[in-house]
Amino acid sequence: MSEESGLIYRISGPVVTAVGISPRMYEVVRVGDEGLMGEVIELHGDQSVIQVYEETSGIKPGEPVVRTGQTLSVKLGPGLLTQIYDGIQRPLESLEETMGVFITRGVDADGLDLTKKWEFNATASAGDEVSGGSVIGFVQETETVEHKIMIPPGHSGKIASIESGEFDITTSVCTLEDGTEIAMMQEWPVRTPRPFKQKNAPDVPLITGQRILDFLFPLAKGGTAGIPGPFGAGKTVTQQQLARWSDAQIVVYIGCGERGNEMTEVLTEFPHLTDPNTGKPLMNRTTMIANTSNMPVAAREASVYTGITIAEYFRDMGYDVALMADSTSRWAEAMREISSRLEEMPGEEGYPAYLSSRLAEFYERAGRVQTLGGDDGSVSVIGAVSPPGGDISEPVSQGTLRIVKVFWGLDAGLARQRHFPAINWLSSYSLYPQALDQWYRDNIASDFPEVRTKISSLLQVEAELQEIVQLVGSDALPMDQQLTLEVARMIREFFLQQNAFHDVDTFSQLGLQYEMAKAILAFQEESEKAMAGGAGLEDVVNVPARTDLMRGRFEEGYAERIGELLGEMSKQIAETMEDN
Amino acid sequence: MSGKEYRTITDVKGPLVFLEKTEPVAYNEIVQLRLSDGTMKNGQVLDTSDDKVIVQVFEGTESVDRQTGVKFLGDVFRLPVSKGLIGRILDGAGKPRDGGPEIVAEDMADIIGAAINPYSRESPEQFIQTGISAIDACTSLVRGQKLPIFSASGLPHNDIALQIARQARLVGSDDDFVVVFCAMGITAEEYNFFVQDLERTGALENAALFVNLADDPAVERLITPRLALTAAEYLAFEHDYHVLVIYTDMTNYCESLRQIGAAREEVPGRRGYPGYMYTDLAMMYERAGMVKGKKGSITQFPILTMPGDDITHPIPDLSGYITEGQIVISRELHQKGIYPPINVLPSLSRLMNAGIGEGKTREDHKSVSDQLYAAYAGGRELRGLVAIVGEDALNERDLQLLKFADIFEDQFLRQSRDEDRSIDEGTLDLAWNLLTNIDTKYLVRLDQKWIDKYHPTEKNS
């Protein structure tokens, strides 16, 4: 390791220029008398340009800059789960212990507790041939997650010795025949994707319990989704719903340049929530990264890489990981801010010209892979985008949409009507249904794709009819079209709307979603029959059992009762015919 | 640091002064300039290197010449803070403006402020009753929240801010708020209006004012809100006060920020505002909140006027992405003669759900709020339709919604400037009464159990 040191030449906000050192690109350096952490982002003659991860007020030219010889890395090993980090993997809890409630600077904190002892259970034995990614044992990190210990990429050979027992994470638990010592902790540079054997096509849905997402615009495990939307449209709530309810085994949540109070809400609430799939606290499978909008901007830029590297590490154990980044626009703005301090030639709207390639590189780290160890693992990435004025023609939205396969378009108009989740069903899309249809047929119902098509085409027809209604009023439409409008209203109010703050409605199993969709189609079919038999539209719409069916979704045990409620509705609709 | 004075100014450009070859000067260090006629000006280092320093001068660079002496004070900008700030009026740079003595400092606080560790924050969930139905029912405010008022020129945002300052209190608590008021580039007339109102109600003794008026230096506006927030933090976290910070007008602040950016020839972002405006605003807005282990709190009410009533303009837009909601003032309602002209549809309080409900306001609050919203939104949409096809084309449900929208505006939104409605009888019961104008079968957002309990004509008695 090099201890070469130089001097500060210039300071401008988070960007510091040093002379007298010749570091590598992206090398971590220590800046100033307080040793603030920084990263080299440009070399210019004998000057090295550094982005500093902490506040630079009061730093002077002439103070020292010291090389560390390492690039920005994260520590990976037992202890990651349930943690809350800042953008450069400093645990916020230890920062509170050392500096109190306000984040000051010049404090180092290890990303993992290096002294804590974990029970290591060896699964490989002496004499086994191993290589990078091979699992050699595990630690029961939380009640629900087995943290697998792997050979770090780049090492291979025959195991000379391995032992189970209590160790801290830097102590060797396994020795290879060439003398390499393997500890439970490994480090990985955040800007380099972790290696895998090959990428596979995603063909299993990530089930989120959110009806509009699962049913109409599904995301596959290993897929990518973008959620652009103006402020107040519900990006954060949607992201948090996904973090709560999606059936991933590991969740990495990056709060990138967002609100402090909102992060606190997540931090206080998650430990009390139970995972519907395991019945254990959700926090057990979660790692959070919180770099709020007023924390240093360079650390915000790094936070996204820190998060995805942690996600890849769990993927390499063979887990399905879901990563939420809220919001990627703040990340892009951090790039813009740094780029402007570097006086780089700007691209569109002042963003650096490399914005879209950085976005692409980030989303490309998602995927379903065969790991080096031969397992099947995935990282799904869901990025929120905050377009200025809600106008998605801006560079970050456009750069995102070019890459992601699922687009959940949030709509201010729907949010104003308190239609939540305010995802526009006309403009949103998912490119996964084809790949996933077989899974739905095998696991939910053989006609699942057809039911979905019917529901979405009803919504399309409604949009066309609404244009006419805007001109002539709904009474001018023929009866069958008025019924279509009622059915579509039922889809919107009963199916698409979902109350994230309601204990029961917040999560719907996929099977129930299918039943609800079928109930809507049944209402349509039977009403058509009844109206052909002389019943009026008002009669069928107003049967009390329909209200019961719709309100029932707020009650426990709805999945068991829906069949019965549906039967009652059908009966009452049939009766309207007899009355006439 | 030595008191050495430099006379090495090379360039003066707008509010910026460029100096050559100095001793090492720290980033953000405070600077004093002595003009040839003896006038003193203050500034701050924006960029520093071995051979060049850029200083922004708060009072503007008028009369600065190459002979001007520049002294670096060896420290970042600090505000003398003490409990004695309460009841005082200071200027935009933190000097007494009320003719009173200098503040006797209990501490010198760095005005940039440090970020609160998200882990150390306390979740804001104590409902603040403002006595204004539109806010209490539909965009409920909680302690520690930052909730801006998005207004526009010619609208009564000042009256609303003052009414909130007067009436805000926790239900079932005697804790009063201390008001920290920060004026940025507002007119003397507006300022007098605020002061007189605060005086009239006796609130002035419980307030600290930081004032930069329209004819005060524009660059000074960049530090005025930071002084106010530094004072607020000190009062809240060292002396357990609940502080309500009102600052007006954020639009003037952003203009000054743009001015500095332009003078530095920075690459501009949208509409010429600097690319770091989001971060800059966040460093102020995020100073709201509550922290573990401290009794006090900071609640912020920034007021901003949307240029051209445009909510997508960068100032309201970036603010909306940082703040926990917004209260939107509507010109249309104002022209109808409704006070307070709050348009509840684009208004939002993100922390509302944590602050309302059983034990906080009332169990039916969320349900009622959703229903009011849905019905009013429906009614307003129908107004557009009626203008084209006439009321005859509407069905029963639509007719009821249409009528409800008028009633809602006239009876629920409208209240007088000194009317302080309690959340249960004043606001929620009123809402239930108005909702009787719609058949219960159309009130789909209301849980049946609340209809049974609260509906004036349908409840089980």
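The values are calculated or read from the model by the stated rules, or taken from the named source; none is laboratory data. Everything quoted here is computed from the prediction, not taken from an experiment. Positions of Cβ are generated from backbone atoms using ideal geometry, with glycine treated the same way; all protein chains shown enter the neighbour counts. When the accessible area is computed, the model is the full protein with side chains, heavy atoms only, and any ligands, DNA or RNA have been set aside. Shrake-Rupley method; radii C 1.70, N 1.55, O 1.52, S 1.80 Å.
Go through the residues of region A:483-497 one by one and say whether even a single one is surrounded by fewer than 17 Cβ atoms within 10 Å (Cβ to Cβ), more than 14 Å from chain B (Cβ to nearest Cβ) and at pLDDT below 95.
Among the residues of region A:483-497, not one is surrounded by fewer than 17 Cβ atoms within 10 Å (Cβ to Cβ), more than 14 Å from chain B (Cβ to nearest Cβ) and at pLDDT below 95, which makes the answer no.
Restricting to region B:382-398, name every residue that is more than 9 Å from chain A (Cβ to nearest Cβ) and either open to solvent by less than 60 Å² (accessible area, probe 1.4 Å) or within 41 Å of the chain's Cα centre (by Cα) (or both).
B:L382, B:R383, B:V386, B:A387, B:R397
Say we look at region B:25-45 and pick out the residues that are surrounded by fewer than 18 Cβ atoms within 10 Å (Cβ to Cβ) and in contact (Cβ under 8 Å) with a residue 24 or more places away in the chain; which of these is farthest from the other protein chains (Cβ to nearest Cβ)?
Per the stated criteria, the residue is B:D37.
List the strands (runs of 3 or more DSSP E) inside region A:298-412, counting only whole elements, that have at least 1 residues being polar (S, T, N, Q).
Ranges flagged: A:367-370, A:376-385.
Based on this model, can you work out whether B:R445 counts as touching a residue at least 12 places away in the same chain (Cβ under 8 Å), away from chain A (no Cβ under 14 Å), open to solvent by 10 Å² or more (accessible area, probe 1.4 Å) and not in a helix (DSSP H, G or I)?
Spelling it out, it is not the case that B:R445 is touching a residue at least 12 places away in the same chain (Cβ under 8 Å), away from chain A (no Cβ under 14 Å), open to solvent by 10 Å² or more (accessible area, probe 1.4 Å) and not in a helix (DSSP H, G or I).
Within the group A:S356, A:S340, which residue is surrounded by fewer than 24 Cβ atoms within 10 Å (Cβ to Cβ) and within 14 Å of chain B (Cβ to nearest Cβ)?
Selected residue: A:S340, the only one of A:S356, A:S340 that is surrounded by fewer than 24 Cβ atoms within 10 Å (Cβ to Cβ) and within 14 Å of chain B (Cβ to nearest Cβ).
Please go through region A:223-244 and pick out each residue that is open to solvent by 10 Å² or more (accessible area, probe 1.4 Å) and not β-branched (V, I, T).
A:P230, A:F231, A:G232, A:G234, A:K235, A:Q240, A:R244
Take region A:4-14 and flag every residue that is part of a strand (DSSP E or B) and facing another protein chain (nearest Cβ under 9 Å).
A:L7, A:I8, A:Y9, A:R10, A:I11, A:S12, listed by residue number.
Could you tell me how many of the residues in region A:187-211 are part of a strand (DSSP E or B) and surrounded by fewer than 21 Cβ atoms within 10 Å (Cβ to Cβ)?
So the answer is 6.
Count, please, the residues in region A:51-71 that happen to be over 20 Å from A:I103 (Cβ atoms) and within 14 Å of another protein chain (Cβ to nearest Cβ). Walk me through it before giving the result.
Taking region A:51-71 first, the residues over 20 Å from A:I103 (Cβ atoms) are A:60-71.
If we keep only those that are within 14 Å of another protein chain (Cβ to nearest Cβ) as well, we get A:60-65.
Counting residues in region A:51-71 that are over 20 Å from A:I103 (Cβ atoms) and within 14 Å of another protein chain (Cβ to nearest Cβ) gives 6.
So for region A:116-134 (the condition being assigned to a loop (DSSP other than H, G, I, E, B), touching an Asp or Glu at 6+ places or on another chain (Cβ under 6 Å), modelled with pLDDT of 90 or more and closer than 13 Å to A:G77 by Cα), does at least one residue qualify?
no
Among the residues of region B:355-366, which ones are touching a residue at least 24 places away in the same chain (Cβ under 8 Å) and more than 21 Å from B:E324 (Cα to Cα)?
Within region B:355-366, B:R362, B:E363, B:D364 meet the criteria.
Check region A:455-473 and report whether any residue there is assigned to a loop (DSSP other than H, G, I, E, B) and away from chain B (no Cβ under 14 Å). First the steps, then the outcome.
To start, the set of residues in region A:455-473 that are assigned to a loop (DSSP other than H, G, I, E, B) comprises A:473.
Now narrow it down to the ones that are away from chain B (no Cβ under 14 Å): none.
Checking region A:455-473: not a single residue is assigned to a loop (DSSP other than H, G, I, E, B) and away from chain B (no Cβ under 14 Å).
Any idea which of (1) within 9 Å of chain A (Cβ to nearest Cβ); (2) buried (at least 18 other Cβ atoms within 10 Å of the Cβ) is the one B:H365 doesn't satisfy?
Checking B:H365 against (1) within 9 Å of chain A (Cβ to nearest Cβ); (2) buried (at least 18 other Cβ atoms within 10 Å of the Cβ), the one that fails is (1).
Condition check: at pLDDT below 95 and either within 22 Å of B:A218 (Cα to Cα) or out of contact with any Pro (no Cβ under 9 Å at 6 or more places or on another chain) (or both). Does B:V25 satisfy that?
Criteria not met by B:V25.
If A:L426 passes every condition in (1) open to solvent by less than 60 Å² (accessible area, probe 1.4 Å); (2) away from chain B (no Cβ under 14 Å); (3) assigned to a loop (DSSP other than H, G, I, E, B) but one, which one does it miss?
A:L426 satisfies all of (1) open to solvent by less than 60 Å² (accessible area, probe 1.4 Å); (2) away from chain B (no Cβ under 14 Å); (3) assigned to a loop (DSSP other than H, G, I, E, B) except (1).
Please go through region A:15-47 and pick out each residue that is within 14 Å of chain B (Cβ to nearest Cβ) and open to solvent by 20 Å² or more (accessible area, probe 1.4 Å). Quick ask: steps written out before the conclusion?
Step one: filter region A:15-47 for residues within 14 Å of chain B (Cβ to nearest Cβ), giving A:15-20, A:31-34, A:36, A:38, A:44, A:46-47.
Selection gives A:V19, A:G20, A:D33, A:E34, A:H44, A:D46, A:Q47.
Quick grid of which residues meet (1) open to solvent by less than 10 Å² (accessible area, probe 1.4 Å); (2) facing another protein chain (nearest Cβ under 7 Å); (3) assigned to a helix (DSSP H, G or I):
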| residue | (1), (2), (3) |
| --- | --- |
| A:E265 | no, yes, yes |
| A:T268 | no, yes, yes |
| A:P271 | no, no, yes |
| A:G279 | no, no, no |
| A:N284 | no, no, yes |
| A:M295 | yes, yes, no |
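Condition check ((1) assigned to a helix (DSSP H, G or I); (2) within 8 Å of another protein chain (Cβ to nearest Cβ); (3) at pLDDT below 95) across all residues:
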{"site": "B:D280", "(1), (2), (3)": "yes, no, yes"}
{"site": "B:M283", "(1), (2), (3)": "yes, yes, yes"}
{"site": "B:K294", "(1), (2), (3)": "no, yes, yes"}
{"site": "B:Q300", "(1), (2), (3)": "no, no, no"}
{"site": "B:L318", "(1), (2), (3)": "yes, yes, yes"}
{"site": "B:Y321", "(1), (2), (3)": "yes, yes, yes"}
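Can you find a residue that is without any contact (Cβ under 8 Å) to a residue 24 or more places away in the chain and either surrounded by 18 or more Cβ atoms within 10 Å (Cβ to Cβ) or not small (G, A, S) (or both) anywhere in region A:114-132?
Yes; the residues of region A:114-132 include at least one that is without any contact (Cβ under 8 Å) to a residue 24 or more places away in the chain and either surrounded by 18 or more Cβ atoms within 10 Å (Cβ to Cβ) or not small (G, A, S) (or both).
Please state which one of B:G379, B:G337 is away from chain A (no Cβ under 13 Å), under 30 Å from B:G320 (Cβ atoms), free of Cβ contacts under 8 Å to residues at least 40 places away in the same chain and not basic (K, R). So that I can check it myself, show each step before the final result.
Working: B:G379 fails: away from chain A (no Cβ under 13 Å).
Every option except B:G337 fails the conditions.
Looking only at residues in region A:429-454 that are open to solvent by 30 Å² or more (accessible area, probe 1.4 Å) and part of a loop (DSSP other than H, G, I, E, B), which one is farthest from A:L512 (Cα to Cα)?
Here the answer is A:L431.
Among the candidates B:L304, B:L281, B:L318, B:L257, which residue alone is touching a residue at least 40 places away in the same chain (Cβ under 8 Å) and in contact with a strand residue (DSSP E or B) (Cβ under 7 Å, 6 or more places away or on another chain)?
B:L304
When B:K146 is evaluated against the numbered criteria (1) in contact with a Phe, Trp or Tyr (Cβ under 9 Å, 6 or more places away or on another chain); (2) of a type in the set (K, R); (3) open to solvent by 20 Å² or more (accessible area, probe 1.4 Å); (4) closer than 22 Å to B:A208 by Cβ, which criterion, by number, is the only one it fails?
The single condition B:K146 does not satisfy is (3).
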